[in-house]
Amino acid sequence: MSSLRLLMKLAWRNVWRNRRRSLITIASVAFSAAILVFTEALLVGSHEQMVLQVLDTHGVGQLQIHARGYQDDPTIFRSFVPSAKLLRFLKGDRELRGFAPRVQGEGLAEVGQESKGVMVVGIDPELEQGVTPLAAEIVTGDYLEPNDLQGALVGERLLKSLKAKIGASLALVTQTRRGTLGAARFQIRGIFRTGVPALDENLIYLNIKSTQRLFAFGDRVTMLILKLRDPTLAKLNHLKRALLAQVNPQKLEVLTWPEFMPELVQFLRFDSASGYVFLLILLLVIAFGVLNTILMAVLERTREFGVLLSLGTQPRRIFGMILLEALLISLIGATAGALLGSGVSAYVVQHPINLSGSSMESFESWGIKPLFYAKLSWGIAVYPALIVLGLGVLIALWPALRAARIEPVEALHTR
Amino acid sequence: MSLIRTEGLEKIYRLDHVEVPALRGVDLTIEGEEFLAIAGPSGSGKTTLLNLIGGLDRPTAGQVFLEEQEITRLNKSRLAELRLRKIGFVFQAYNLLPVLTALENVEYVMLLQGIAAGERRQRALAILGEVGLAEYANRFPNLMSGGQQQRVAVARAIVAQPKLVLADEPTANLDSTASSELLDLMRQLNRDHGVTFVFSTHDPLVMERAERLVRLRDGKVFGDE
Ligand SMILES: Nc1ncnc2c1ncn2[C@@H]1O[C@H](COP(=O)(O)OP(=O)(O)OP(=O)(O)O)[C@@H](O)[C@H]1O
Ligand SMILES: [Mg+2]
């Protein structure tokens, strides 16, 4: 038996000499580790779901190809003709669930006496279905038929402010990319509701061919939007690199969703930060409790340290012994907590928590269902537990230092 | 060469601006293999003197020499090393580590010294035999009587073959039979192992058993027989 094993044995038995107190400490460590793991699982899981939902309801795809500069200056003056080579590449990519062209520009909509500034979006009705859930968002009337060049889909709120009805005639006036005036009449075929107010009161969907005419685009498009089968960031970035090899980067830009929706990234960061603040407070409270028990355990053994010192034990060995005791307690607690937290998370992965009806407006304004999803991975289970473990040992530094600094005479004097 | 020599040893405790002189100039020489009792009334400075000799505390003035090496200026770590190699301690009570068995308590010091497992176990068992506790080897201290615990403490103090064992009122918590037995044991070990024993007491029966008796009063030596 080496002296390390002796230290281990001493520490182990010391942990269990006050079984009740140690168990309470271990339980609180386990509790905090479990909360940490579970919260992290919820944050990551919910954010992943949230992103996919937001991208869907906003109908923006997960990856976009624009004319260079469009992201910073989104006007009709930046457009491009997708090359046959690019379209072939997109059709052949097995990772893609779908891709769809878009023509987008501002216009003025008139129905009877009412008029309103709108965003006109031209879509390919068939390809669009592979990328956005627009067809499923129609609440009244019908989705656009592929060859219907007269039809228009209008947002629910926009319909109201135009005081229009389904079937009504709608005039659109635009500025073309040549600077001339564009105008055409359409018929309202369907009404959609995405749940995002800004979209439902501003968007009008037309067939892409009509829209190209309206803006004098010819075969040009504003963007291509793409959707992956397995939309992880790694896969998105991989596809982005592959696309950049296909196109002329001087003319086109390829953006993943964090790039074309930076405000969503901000929102997620803010949401994580508030979650982490809560966890930090929890950790501090628990840390204080653990500090208290370890300190008590040290103080009530003062005389024993006196005996150890008189036998010739080096103070640093006493320091090590206390740290080891804290490590044991934290290790048991963190392991139990990681298991517990992962278990609960695994359940929620299967059964998302439904929070509809509570104060979730901030989520609903993004068009997100108030469901809480969880995600579990090795990292999510292990890193929070490691943090708790590290914290447990860190906390013990001070009591351990106190124990190591005890004067033998004073220690022997106690009790 | 003397084993222990103190020169003008003084210790003053300071308690909230009140100075309590515990030792006021002790000159004492102890030779190897002595069996020496330090006697004196309560508060006369017995514990203080033993602590200074054992390097557990530092004097206010004066020096302690162990085998002519001055120990009063060594740092904590060197003092611990010195105690480990050369000095064994027995206190009045609560000597043993409660989480270790009798055998492990005895082995502990040898572990610190880095003695190999086989030899350690063998020597620990042998010394437990010598103090008459062979069959208590695997007991924890709380299941042993006060006298048995003190015997284990003596076994632990001696097992690492120190030059000197310092025992501060080792019999104070024992009845007269157990006291007598412990003294017999210490005397036996003193003879068999040639280890110097210095113990404090205010029990006249214990003083009688000493080979040499140093009397303290008010922090000064006032008798040496
Ligand atoms: N840590 C301390 N702080 C302050 N004063 C102390 C301390 N230790 C001892 N003293 C004082 O020093 C003097 C000598 O004490 P010491 O313990 O050496 O005597 P003793 O002979 O061992 O007594 P006893 O027989 O009661 O054990 C006493 O007056 C005591 O009150
Ligand atoms: Mg005393």
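Residues in segment A:206-236 that are surrounded by 14 or more Cβ atoms within 10 Å (Cβ to Cβ) and over 29 Å from the mean Cα position of the chain (by Cα): 14 in all.
Of the helices (runs of 4 or more DSSP H) lying entirely inside segment A:81-182, the ones with 1 or more residues being surrounded by fewer than 20 Cβ atoms within 10 Å (Cβ to Cβ) and among the polar types (S, T, N, Q) are found at A:156-161. The strands (runs of 3 or more DSSP E) located wholly in segment B:32-92 that include 2 or more residues which are touching a Pro at 6+ places or on another chain (Cβ under 9 Å) and under 21 Å from B:Val214 (Cα atoms) occupy B:87-90. For segment B:165-187, a tally of residues being within 16 Å of ligand 2 (Cβ to nearest atom) and in a loop (DSSP other than H, G, I, E, B) returns 6. Is it the case that B:Ala210 is buried (at least 21 other Cβ atoms within 10 Å of the Cβ), away from ligand 2 (no atom under 16 Å from the Cβ), under 16 Å from the mean Cα position of the chain (by Cα) and closer than 22 Å to B:Ile4 by Cα? Criteria met by B:Ala210.
When the residues of segment B:14-35 are filtered to those that are within 14 Å of another protein chain (Cβ to nearest Cβ) and surrounded by 13 or more Cβ atoms within 10 Å (Cβ to Cβ), the one that is farthest from ligand 2 (Cβ to nearest atom) is B:Leu23. Within the bounds of segment A:331-344, is there any residue that is away from ligand 1 (no atom under 16 Å from the Cβ), modelled with pLDDT under 85 and out of contact with any helix residue (DSSP H, G or I) (no Cβ under 6 Å at 6 or more places or on another chain)? No, there is no match, as no residue in segment A:331-344 is away from ligand 1 (no atom under 16 Å from the Cβ), modelled with pLDDT under 85 and out of contact with any helix residue (DSSP H, G or I) (no Cβ under 6 Å at 6 or more places or on another chain). Of the set (1) touching a residue at least 24 places away in the same chain (Cβ under 8 Å); (2) closer than 28 Å to A:Val344 by Cβ, all apply to A:Leu86 but (2). Being in contact with a helix residue (DSSP H, G or I) (Cβ under 7 Å, 6 or more places away or on another chain), more than 13 Å from chain A (Cβ to nearest Cβ), surrounded by 18 or more Cβ atoms within 10 Å (Cβ to Cβ) and of a type in the set (Lys, Arg) holds for only one residue in B:Arg120, B:Arg139, B:Arg151, and it is B:Arg151. In segment A:11-23, of all residues being within 11 Å of another protein chain (Cβ to nearest Cβ) and free of Cβ contacts under 8 Å to residues at least 12 places away in the same chain, the one that is surrounded by the most Cβ atoms within 10 Å (Cβ to Cβ) corresponds to A:Arg13.
Within the bounds of segment B:36-50, is there any residue that is within 13 Å of ligand 2 (Cβ to nearest atom) and basic (Lys, Arg)? Looking through segment B:36-50, at least one residue is within 13 Å of ligand 2 (Cβ to nearest atom) and basic (Lys, Arg). Counting residues in segment A:333-341 that are within 14 Å of chain B (Cβ to nearest Cβ), closer than 23 Å to A:Ala11 by Cβ and part of a helix (DSSP H, G or I) gives zero. Does B:Leu174 satisfy being under 30 Å from A:Trp16 (Cβ atoms) and not hydroxyl-bearing (Ser, Thr, Tyr)? It is false that B:Leu174 is under 30 Å from A:Trp16 (Cβ atoms) and not hydroxyl-bearing (Ser, Thr, Tyr). In this structure, B:Glu181 does satisfy being farther than 23 Å from B:Asn51 by Cα and of a type in the set (Asp, Glu).
Residues in segment B:62-86 that are closer than 20 Å to B:Ala160 by Cα and within 8 Å of chain A (Cβ to nearest Cβ): B:Ser77, B:Ala80, B:Glu81, B:Leu82, B:Arg83, B:Leu84, B:Arg85. Scan segment B:162-197 residue by residue and report those that are surrounded by 15 or more Cβ atoms within 10 Å (Cβ to Cβ) and either within 16 Å of ligand 1 (Cβ to nearest atom) or of a type in the set (Asp, Glu) (or both). If the condition is that a residue be surrounded by 15 or more Cβ atoms within 10 Å (Cβ to Cβ) and either within 16 Å of ligand 1 (Cβ to nearest atom) or of a type in the set (Asp, Glu) (or both), then B:Leu166, B:Ala167, B:Asp168, B:Glu169, B:Pro170, B:Thr171, B:Ala172, B:Asn173, B:Leu174, B:Ser179, B:Glu181 are the ones that fit.
Residue check: is A:Leu55 of a type in the set (A, V, I, L, M), in contact (Cβ under 8 Å) with a residue 12 or more places away in the chain, buried (at least 20 other Cβ atoms within 10 Å of the Cβ) and away from chain B (no Cβ under 14 Å)? So A:Leu55 fits the description; yes. Please verify whether B:Ile38 is surrounded by fewer than 22 Cβ atoms within 10 Å (Cβ to Cβ) and within 14 Å of ligand 1 (Cβ to nearest atom), treating the condition exactly as stated. No: the conditions fail for B:Ile38.
Residue by residue, here is whether (1) away from every other protein chain (no Cβ under 14 Å); (2) on the phi > 0 side of the Ramachandran plot; (3) touching a strand residue (DSSP E or B) at 6+ places or on another chain (Cβ under 6 Å) holds:
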{"residue": "A:Lys9", "(1), (2), (3)": "no, no, no"}
{"residue": "A:Thr25", "(1), (2), (3)": "yes, no, no"}
{"residue": "A:Ala33", "(1), (2), (3)": "yes, no, no"}
{"residue": "A:Thr39", "(1), (2), (3)": "yes, no, no"}
{"residue": "A:Ser79", "(1), (2), (3)": "yes, no, yes"}
{"residue": "A:Ala84", "(1), (2), (3)": "yes, no, no"}
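Within segment B:49-105, the only residue that satisfies the criterion of being within 16 Å of ligand 1 (Cβ to nearest atom), without any contact (Cβ under 8 Å) to a residue 40 or more places away in the chain and of a type in the set (Ser, Thr, Tyr) is B:Tyr94.
Applying the set (1) crowded, with 22+ Cβ neighbours inside 10 Å; (2) over 18 Å from the mean Cα position of the chain (by Cα); (3) basic (Lys, Arg) to B:Arg73 leaves exactly one unmet item: (1). Scanning segment B:93-116 for residues that are part of a helix (DSSP H, G or I) and facing chain A (nearest Cβ under 10 Å) gives B:Glu104, B:Asn105, B:Glu107, B:Tyr108, B:Val109, B:Leu111, B:Leu112, B:Gln113.
Hey, could you check segment A:299-326 for residues that are within 7 Å of another protein chain (Cβ to nearest Cβ) and part of a loop (DSSP other than H, G, I, E, B) and say which is surrounded by the fewest Cβ atoms within 10 Å (Cβ to Cβ)? Step by step, filter segment A:299-326, then rank; the result is A:Gln314. Filter segment A:237-249 down to the residues that are under 27 Å from A:Gly105 (Cα atoms) and either within 25 Å of the chain's Cα centre (by Cα) or outside the structural domain of A:Asp93 (by TED's automatic domain parsing) (or both) and list them by number. Across segment A:237-249, the qualifying residues are A:Lys240, A:Leu243.
Inside segment B:89-104, residues that are closer than 24 Å to A:Arg5 by Cβ, within 16 Å of the chain's Cα centre (by Cα) and at pLDDT 90 or above make up a count of 1. If you check A:Val254, A:Val298, A:Val265, A:Val307 for being modelled with pLDDT under 90, in contact with a helix residue (DSSP H, G or I) (Cβ under 9 Å, 6 or more places away or on another chain) and among the β-branched types (Val, Ile, Thr), only one passes: A:Val298. Scan segment B:8-34 for residues that are hydroxyl-bearing (Ser, Thr, Tyr) and either touching a helix residue (DSSP H, G or I) at 6+ places or on another chain (Cβ under 8 Å) or within 10 Å of ligand 1 (Cβ to nearest atom) (or both) and the total you get is 1.
The values are calculated or read from the model by the stated rules, or taken from the named source; none is laboratory data. Model, not experiment: these values are computed from the prediction. Because the Cβ atoms are built from the backbone with ideal geometry, glycine has one as well, and the counts that use them run over all protein chains shown.
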